[in-house]
Amino acid sequence: MIVYECCGIESVTKKVYCSSCGKEITNEYDVPEVGTVYSFTVIQVPPTQFAHLAPYTVALVQLNNTKAKLTARIVDQVNIGDEVKLEKIVDGAYVFKKSEVLHNS
Ligand SMILES: [Zn+2]
């Protein structure tokens, strides 16, 4: 997964110009498609196009090795602090699932 950085602001969304200094963003680097659940919401009443998925979980995922966070649908039940990894990208939307890898750290 590519993260774009300028002025210490890291984002998975590609913007041409930095919102802080106004310069063209040229720093980009690859980060693991793994992160931790920062916060989450269970969507009971979704927009029409996602009605068949309800109820589903949308989480803010703090990606590893970066300050960037992204919003993703989580296919499993999760709690804050759970490790999740990218499963697929559907129509530009990130779908994460709980990582089976267990850590002691
Ligand atoms: Zn900048």
GLY81 small (Gly, Ala, Ser) and either under 11 Å from the mean Cα position of the chain (by Cα) or over 24 Å from LYS98 (Cα atoms) (or both): no
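Which one of LYS15, LYS23, LYS67 is surrounded by fewer than 16 Cβ atoms within 10 Å (Cβ to Cβ) and closer than 21 Å to SER99 by Cα?
LYS67
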For the range 2-27, pairs from a residue that is on the phi > 0 side of the Ramachandran plot to a residue that is part of a loop (DSSP other than H, G, I, E, B) and more than 8 Å from the ligand (Cβ to nearest atom), with Cβ under 8 Å and 6 or more apart or across chains, are GLY8/LYS67
The condition of being free of Cβ contacts under 8 Å to residues at least 24 places away in the same chain and either surrounded by 12 or more Cβ atoms within 10 Å (Cβ to Cβ) or not in a loop (DSSP other than H, G, I, E, B) (or both) holds, among PRO32, PRO46, only for PRO46
Going through the range 77-92 in order, the residues found to be surrounded by 13 or more Cβ atoms within 10 Å (Cβ to Cβ) and without any contact (Cβ under 8 Å) to a residue 40 or more places away in the chain are GLU87
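A short reminder: the numbers here are calculations on the coordinates, not readings from a lab. All values derive from a computational prediction rather than experimental measurement. All Cβ positions, even for glycine, are placed from backbone atoms using ideal geometry, and neighbour counts span all protein chains on display.
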